[in-house]
Every structure is written in structure tokens, then in C-alpha cells.
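Readers should treat all values here as calculations from the given coordinates under stated rules, not as data from a laboratory. Note that the structure is a prediction, hence the values are computed from the model and not measured. Cβ coordinates were reconstructed from backbone atoms using ideal geometry, including for glycine residues, and neighbour counts include every protein chain displayed.
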């Protein structure tokens, strides 16, 4: 064998040995046979007593008396309900950092670069039937960082394995008290008022348009020197082009209208408002714009901008034609989104189907992944959850949660300690009690970012108390 | 001419009636709840009638035929429950969490038992009507903060003054020293954490000795008719607790701390209840042996440790009940105390029987607070706190149809339902 061929073989061998770390791997998939379940398809009614076959991570067959291929495990689901894996459109689990709170505009940062596959919250979410969550940047900034849709493939040590391949890019915007508190009150820079918040967007988008024009002129040969490459501007241009979906933390009716007007002026057509506690007051306007809404089940009164909320929000939005989902924004609530959705039956009389859509196909639409997940249809991803008890009953208990055809949570095989990387010095923390207070998790990390190193614990408590996150002070 | 004037007067009066807003208020009266499924809590479950008169449950049974005028409430196919009791909240003590001047539950000072939550309760808190619409009629509202943050009070969710709302029980809160970390921000070393915990416990014991000393001095001064030299309200407030006449609610959560609290209480002859107890399942046998009752919750919560099974908090109350502990549930919430029945439902989903869960939010808290002669069951002579539900009160799909607190028929409207009424069909044109 001559030397160049040996050299080629050697290089090929090395290349084959390399794992590509920067691109998400093709995920591991599984095959399963589920027998005799009541199937809540979401988009096609309920099929009482049917089998479902999963092949290589996709839903292959839905019919009675399926004979599975050899080697495919059968789950006896008689008496159980099978529904699509629940999708949480607003979460902060599985990421190492939440708030790059250092500027009112930080479009260039991306939580997808800080994924934490060891977060036990991912497993706990699986135990609550959630297969996909939208890991979001926090709400400290008017234009925050990019978010990452993750599949709960718990068990992997490789952060990129959690990224849902093909999920559209998304970014976090924030209106109202949080950016005003962090930048106006905290740092003495705009925005301090809702007037300022509007101008942050107009400034950013206008500058992005100039940047875009400068590059187009250069590429068309009209100028000789390229403009400076600026990742923040690049990201804003992608938003203008519609290549990044905006998810905007918002509460008050007037600020929701403000942002829709800004988007209209800049030709941006798609937006999902998050929390949007006063969305019900402008439901016709939201429906007319085509905006969608991702709301809490019943949180209110922890800040002034949510004082005039109602638990009927989801129902009012749904009845007025706004695609609505219920989210958790909490590593606790992500574990019982099925119960949160059920509350809309008391607060607004939503039907079973309407309530279940809030945690399946609707959040899938809001994340741009409804062609892949969110309902039980042949060809879709096998993201499924089996319940004992109807999911909208308070007595429902998830039995098995399946992602890409692999059982990732099994109540019959659930040891107490499911950590991947145990800590030798794990300590019970009273802060766990504090975190039980229901309020949005969107201000996580802000105190650390603003004050780290300079403040002491009592200052931390006072800060937490001031943003309504603590009921103790020293 | 006179007739036209009279007609005109009626017309004008009617016109003004129409303009004035229909403000819904609790209405007094005598009510016969007929043919509902009664969850009496002390005499089984059966289909029957309940008679409310002058704020009291006058009779419970079948085929009741009162000989005085009543308003008939047809409860066919409905379920009748005692008003639900939340054994730990800050309801009425905070309006908006992040607006500190609306928060009245945490005063400055480490040892301030004389701070009375009852004084600071806002009877017009917006969260109160929101809460009772889900069937919660009575709550313990408690101060929080330092070592002894104040005196909690049991209140019914009806009334325009705190005194009217008062339901006959006040207890003093003790936050037992915690040996755990305070959070991810806690930068102390492990040795510092242990040392601080020891110091805190020593300080508590010192405080207790001082309290006993003060109580002695006080009783001596009284018997010998000597005037006191100093005004020490904090120590004064603790005297009934030392004598076992007033209940001490000890907030403690971590496993080691629960055992430490049980040791600490031994031999002191106090009337004690443990609250919080989120790791109670770890030491349920010890708690049961002590015969001290427990108020725990919220049920729907995260496990306390990363290596705990995901349902540790859901199953906590049941596991303690199974070991023989008397358990009452709390939401420990302010604006979402309304979720109490759902927390109870979760406890059932993860082990408790439905009846036991119902007990933990009716008769058990009443017994723990020493007000079981008035609250906690559908029993003749008790205060008429009664809830009528379309179906299982734990299920979100059910609806509360009628609500009675102190025998008043309480409207189920609140600001959130009114917002629904206003905006469900908003005309986009104006």
C-alpha cells in the first residue's frame, strides 16, 4: 500500500473516531408497543381501547390488536389513558444560567450554550408527563437572550443531546416591571418606565435595519468595506426576517398592545406572549394580530402588574380565538401541568379537549414544532405519557413518560435517587421553602449578576423580599 | 293628577334603582339544604338535609321539617361539606407580594410574640373572596420572620372587621433554629453552618430560661402586689404559652431539626403543634410517638432534597398519617389559598384516602386549634360553615354552588369572576 493511501486511511480512521460535538447528534430512538389504552389524540378525538406501535421513535400504527415485531416491548395499558407528551412553553430547567442581566438588549446570548443535562428537574418533569420544555432566558432585559427547546432525554451526559433538532430559533423579550426594575431602578439606565421599554425595541430594530442595509449594500457592491460583524445585530436582523420566534414576557394590557404595534411597524408577524396576565382584556386584538398566549393557571398578586389578573384568563383567550397554552415557569409546576390545565374547567368551563390542547398541540404551535409533536398522529414523534386516571382529574398519576419511543420515566422502576452526578455535600436548604412561593422564576440569577461579591446574605434576603420572593427577612 | 305623581315617583325610584350597582353581600337568614350528600365528618356520609338557623347548624338528618320560615336550597345530586380550613396561610396580611408596604406579616425583631396577626388582617383583602369561592371558609393567618415572629389567628372569611372575622383561636409561632443551608447563595462553610445552628439553639434555650424567669417574677409581683419596673411585652406575651394555656406552633422542616424540636419540647409541658414538617415522612414514627399533631404543606411542592423521590412532598402527609400522626394540611400561601382542596386531592393521588384527606382540612385543624366544638364537621350546634359542591370538591372540574360562612349565604362572585363577566365577550369596537 503506498503512503498516500495509508495516510488517507489513517485520517479517515481518526475522523470516524471523532464525535461531532458542535452539531446535535441524531437522537437515540426506541420502539414500543402500547396495548389497550384510551388514546387522547388531541386532534382527532378519543380512541377508546386501542393499541399504538412506535417504531424507531415515531408513531407508526394506531389500531386494535397490533402484533409487534420481535424484540419490541409491550406495555399493558388497559385502564390507562395515553396522551401526547406534555409541552411546557415557559421553563428554566436544564440550563446553567437564566439572566444575562447586564444590558437591556442581549440578543446575542443563547441559553442553548449553557445546557445542564444533570438538572434533576428534568427527571422530575418527566415524572409529571412533560417531554419537551422551552428553556428560556429570563425577563431581566427588554430584549433578552435566545432560548432553546429541549427534549427531556434525561440520562445523557452530553448537553447537545437535549436540544430538539429542527426546533425553530426563539428569543425572549420582556415588558413591564422586571426590565424596569433591573435596569431603571437597579442601574439608572433606560428603561425605567413603559415609555422607555417601547423605545428599547424601536431603537434596537431601527439599528438592526441600518445594519442589514449596510451589509446588503456591501454585498451588492455598493460599498467597498464590509460593516463590522456584530452578533447582536445579526440576531436582531434574524428576528426582523422572521427567522427567530419572539416569546415576550408581558403582563399589562397596554404594553401588550404596544409591542404588537411595534411589530407591525417593523413587519414582524409572529409573537407568543408569555404570562400575559391581562391578555384577556385585549383578547380581540391578540386574535386579530394572530398573536398566541402562554399563561399561568392561577398566579396573581405577587407584583402590582398581576394584581388585576383572573384565573379565567386561559378560558377567555381560548373562547376568543387566541391559541393559548398553560406554562409553568417553575421547576415545581412543570411536574403537574396536567393539573394546571384542569383548572380551566373550573375557571371558565373549558371542555376536556380544550383543556388538554393547552398543554399539547398549542404550546407545540407556539414553539413551531407542531408538525413533530403535540398530538398522537401517525408519523409524529413518539413523545407520549401514560396516565392512571384521566389527566384532568386531580387523582391522575403519570405511569410512564416516553421520549422518542424510549421510556424515560417509569413509575414501576423509579428509584428514589435519580441524580446523574451526585453531590457529596448535598445539604437541605431552607431556601427550598422560600421557593414555594408562587411567582415567576424569570428573575433568577439577577441578584447574583447585579450584586455578587459585594452584598451579604441579609442584603440578598432584603432584595428577595422586595421582589416578593421571600416572606422572611433578617 | 295625584295618581300620575305617584306613578311618576315609582318610575323615578325604579330608574335610580337600576342605576345603583348590584353589590352582592352575604345575606343572613335561615336555610334548609335539602337532599344533598352530607359529608358530616362525625356521623358518616348519607343523603339528607341540613338546617341553618341564626348562624348555627340547627339540625342534620333526613326529612327535616322546620317549623319556621326558611329559604330552600335544593341540593339533589350535590355534595355538602363542612367549610374547609387552611391551617397555615398569610391571607389578609399581604396584598401584593413585591410591594413591601402591603406586607404586614413580618415585623422587625427576632423575639416579638406580642405582634398580633389579627390586628393587621385586612378584611377587605381582594384575595379573601377569591379564596372562599373554592370552599375555604376558615384560615389560620400567621406572621413570619425571625425566631418568634408573633401570634397567629384563626379567622373566618367573612366580616368587615378583624374582630368579626376572629374564629376563637390564637397561637404563637416559633421558628425552630434550622441546621440547614439558607439557599444556593449561602456561602458559609459546613463548620460555620453547624456552629451557627448550635449557637441559635443555645440562644433559644437562653431565651426560654429568661421567659421562665420573667414568668416567675411576674407571678411573684402579682401575688405580692409589687409594681413591675419595666414594660416587657414580649416576655409578657409568652406567659400563657409557658403555662400550657396557649398553643405554640413550631415551624420546623429538616429531619434532624424535627428530632431536635421533639427533644426540645420534651418535659416542658407545652401545648405544641409542629408546622411545615416537610421531611416528616423521614421521622414519622418519632413524631407519632410524641403524640404531637402536625400541620404540613403545601402538598404540591418539590421534594426537599435532590436525591428524594419525585413524589416525596405529595406523599408526605399520607406517610405521617399512616404512622399514626394527626395531620392537618396548609397551603402556606397568600393569594392562592383557594388551591387547598386541590392539595388535598394530590395527597389522595399519592396515598391518602379521600376521607382522611377531607379530615385533614376540616375536623383535624379544628381539633388541633381547640375549636372543634364550633368547627370542622356538619354537626348540630356548630357554626354554619357549609359548602355545597356540584361534585367531588377535590376535583377541578367541580363547581362550588353555594357557600355559607357563619350561617350567612356568601356570594361566590369575586374580582376574578367579575373580570370574566366583563371580558368574555368584549366588543372589539369600543
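Counting every Cα pair in the stretch A:334-434, what percent are over 23 Å apart? Looking at the stretch A:334-434, the distances longer than 23 Å represent 43 percent of pairs. Taking square-rooted eigenvalues a ≥ b ≥ c of the alpha carbon gyration tensor, is the stretch A:34-144 rounded, prolate or oblate, where a/c under 1.5 means rounded and, failing that, a/b exceeding b/c means prolate? In terms of gyration-tensor shape, prolate. Comparing B:96, B:172, B:393, which has the greatest mean-square fluctuation in the GNM of chain B with Cα pairs linked when under 10 Å apart? Maximum fluctuation in the GNM of chain B, among the listed residues, is at B:96.
Where does helix B:255-265 land angle-wise versus the long Cα axis of chain B, in degrees 0 to 90, nearest 10? So the inclination is approximately 80 degrees. Calculated from the alpha-carbon coordinates, the stretch B:175-323 shows an Rg and a Dmax of 18.4, 61 Å respectively. Determine, at each q value in 0.12, 0.13, 0.15, 0.23 (inverse angstroms), the log₁₀ of I(q)/I(0) that the Debye formula gives when each Cα of the stretch A:185-295 is one equal point scatterer. Log10 I(q)/I(0), no solvent term: -0.50, -0.57, -0.72, -1.26. Classified by the C-alpha gyration tensor, the stretch B:117-157 has a prolate form. Its axis ratio a/c, with a ≥ b ≥ c, is 1.5 or above, and a/b is larger than b/c. For the protein assembly as shown, the mean residue ellipticity at 222 nm estimated from helices alone is -8500 deg cm²/dmol, where every DSSP H run of n ≥ 4 contributes -39500 (n - 2.57) and the total is divided by all residues, rounded to the nearest 500. Anisotropy class assigned to the stretch A:219-262 is prolate, per the alpha carbon gyration tensor with a/c at or over the 1.5 cut-off and a/b larger than b/c. Computed as a quarter of the hull surface, the mean projected area of the alpha carbon convex hull for the protein assembly as shown stands at 53.3 nm². Summarising the strand pairing of the stretch A:85-367, around 25 percent of its internal DSSP beta bridges are antiparallel.
Scale the Cα Rg of the stretch A:262-333 by the rule-of-thumb value 2.2 N^0.38 Å and send over the ratio, two decimals.
1.12
Of all DSSP-defined beta bridges confined to chain A, some 55% are antiparallel rather than parallel.
Under 10 Å, Cα contacts only: if you run a Gaussian network model on chain B, which one of B:169, B:310, B:231 comes out with the highest mean-square fluctuation? Ranking B:169, B:310, B:231 by mean-square fluctuation puts B:231 first. Spatially, the stretch A:337-360 and the stretch B:227-258 are offset by 46 Å when compared through their Cα centroids. Take every Cα-Cα pair in chain A and report what % of them are more than 41 Å apart. The share of Cα pairs beyond 41 Å in chain A comes to 22 percent. Calculate how steeply helix B:340-349 sits against the longest principal axis of the alpha-carbon atoms of chain B, using the helix alpha-carbon long axis, and give the answer as 0 to 90 degrees to the nearest 10. Tilt relative to chain B: about 70 degrees.
Counting neighbouring Cβ atoms within 10 Å and putting the fewest first, the residues A:387, A:205, B:68 line up as B:68, A:205, A:387.
Restricting attention to the protein assembly as shown, close to 55% of DSSP beta bridges with both partner residues there are antiparallel.
With Cα atoms as the point set, the radius of gyration and Dmax of the stretch B:285-390 evaluate to 14.3, 49 Å. Normalised size of chain B, defined as Cα radius of gyration per 2.2 N^0.38 Å with N residues, equals 1.11.
Counting neighbouring Cβ atoms within 10 Å and putting the fewest first, the residues A:72, A:197, B:277 line up as A:72, A:197, B:277. Compared with the dominant principal axis of the Cα atoms in chain B, helix B:190-223 is inclined by about 80°. The share of alpha-carbon pairs in the stretch A:85-367 lying farther apart than 37 Å comes to 12%. For the pair the stretch A:70-129 and the stretch B:152-205, the centres of their Cα atoms are 35 angstrom apart. Ranked by how many other Cβ atoms sit within 10 Å of their own Cβ, fewest first, the residues B:189, B:119, A:324 fall in the order B:189, B:119, A:324.
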